[in-house]
Amino acid sequence: MRVAFISGTSIVNSPLFSAWPVETVETKYGPVSFRRRGDHVLLNRHGFGVPLPPHSINYRANLAAVADLGFRQVLSLNSVGSLRPELPPGTMVSCSDYVALQQGPATYFDTELRGGAPGIANALIPRLVRELAPEFVIHPGKVYVQMRGPRFETKAEVRIIRAWGDVVGMTAAHEADLCTELGIGYNSLALIDNYANGLEGTSIDFDAFRALVRENQARVNRLFTRLLELLGPDVPDAG
């Protein structure tokens, strides 16, 4: 199955993809670097050089590159904060809907009065939920709340957005919007690395966040090992 993986900071630190060659493609929105092996590409949404913060990522170039390379399925792994005490750090979820009210959506329709109906296709997720178990338990059907970044949310903001969704992040809604416009199936996996600021009496800053990401690194490496097994070249493409 031809699948484009989009991931973030954990991939920079992972040795799993170090042997995959880095290539660069030019799109009308700018250049995009990625790693490729066989029928799979791995795109680090933050870039393979100096990582860009979420609000500076060239989302349009990233997804245009995926489309130009001929991929029709994207599997995204996002690092998120939990808005629910019952979803502790280390939990894996799949989001089926999202809220992104803090800024306008990413779009390719700059001069046209049009836009696709938003959503997350998740065509691959039922199979992954079934076949990754029991090693990885994925909680599907969650709602992702996108905030702008680069800072984390204030405790007051967290109190508000807890009514909106289950997890909070800074990237997935833009990617899902653009995939919809391109006719690409977007599939959501998210690993909870922390409780949102103030939840369960915790506070969050970038040093604490990086430490939590490091703690989950081996788990992310194992997850991608299993994903490559399950979504290998002999697996039929999803409809």
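Throughout, read-outs are computed from the coordinates displayed, never taken from laboratory work. Remember, predicted model here, so these are calculated numbers, not experimental data. So basically every Cβ, Gly included, is an ideal-geometry build from the backbone, and we count neighbours across all protein chains shown.
Assorted remarks:
- Tensor-based shape of the stretch 117-239 (alpha-carbon gyration tensor, a/c under 1.5 rounded, otherwise prolate or oblate): oblate
- Take every DSSP beta bridge whose two residues both sit in the chain; close to 30 percent of them are antiparallel.
- What the phi angles of the stretch 72-77 give under the Karplus curve with 6.51, -1.76 and 1.60, with θ = phi - 60°, is a coupling list of 10, 10, 10, 10, 9, 10 Hz, glycine and proline written as x.
- The chain shape via C-alpha gyration tensor axes, a/c threshold 1.5: rounded
- Spatial separation of Cα centroids for the stretch 1-67 and the stretch 165-181, in angstrom: 17 Å
- Sum of -39500 (n - 2.57) over DSSP H runs of 4+, divided by residues of the chain (222 nm, nearest 500): -7500 deg cm²/dmol
- Remark: HIS174, HIS46 ranked as HIS46, HIS174, counting other beta-carbon atoms within 10 Å and listing the fewest first.
- Shape of the stretch 1-128, Cα gyration tensor, a/c cut at 1.5: rounded
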